[in-house]
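The values are calculated or read from the model by the stated rules, or taken from the named source; none is laboratory data. No experiment lies behind these values; they were computed from the predicted model shown. No Cβ is skipped: glycine too gets one built from the backbone with ideal geometry, and neighbour counts run over all protein chains shown.
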Amino acid sequence: MHYLTQEEIVGVRKLLRITNTPYIVKNLSVHNSLAVIAIKVCLVHEITLAELKSNKRHRHLMKARVDFYYIASNYSKKRDADIARYLQKHHTVIIHYAKNHKPSADYKTIYGLLDQ
């Protein structure tokens, strides 16, 4: 179980306000769900949730998606199909991430945020 820090709460609120995401955070003691992982990856890479899920192929967005994939697959034990569905991608895109891309140096930092 992970409790968000005050800084993370402010970041989540800012991210949700930027993306106009209609999520309601009922309990801030959340587990490593795909939504929490996505928000933390967005905070570290300084992108919006919409950019993470977009079809743009900019380098900084691809690095964020690859980090998201590695964290989601290794630490939340989600299937590739579930991760792809969350990112609104085809599951073969996720398989491509696994085969051809390595996580960035921030990968361990992001996981450290999830594991506090």
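A compact table of results
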{"read-out": "Tabulated pairs, the stretch 25-49, first closer than 12 Å to residue 8 by Cβ, second among the acidic types (Asp, Glu) and at pLDDT below 85, C-beta under 8 angstrom, 6+ apart or interchain", "value": "40/8; 43/8; 44/106"}
{"read-out": "Candidate set from the stretch 80-111 (those that are at pLDDT 90 or above and outside any helix (DSSP H, G or I)); member that is farthest from residue 54 (Cα to Cα)", "value": "90"}
{"read-out": "Selected residue (criterion: nearest to the chain's Cα centre (by Cα)) from residues of the stretch 55-85 that are without any contact (Cβ under 8 Å) to a residue 40 or more places away in the chain and within 19 Å of residue 12 (Cα to Cα)", "value": "68"}
{"read-out": "Qualifying residue in the stretch 27-45 (condition: of a type in the set (S, T, N, Q), more than 14 Å from the chain's Cα centre (by Cα) and either at pLDDT below 70 or exposed (fewer than 15 other Cβ atoms within 10 Å of the Cβ) (or both))", "value": "yes"}
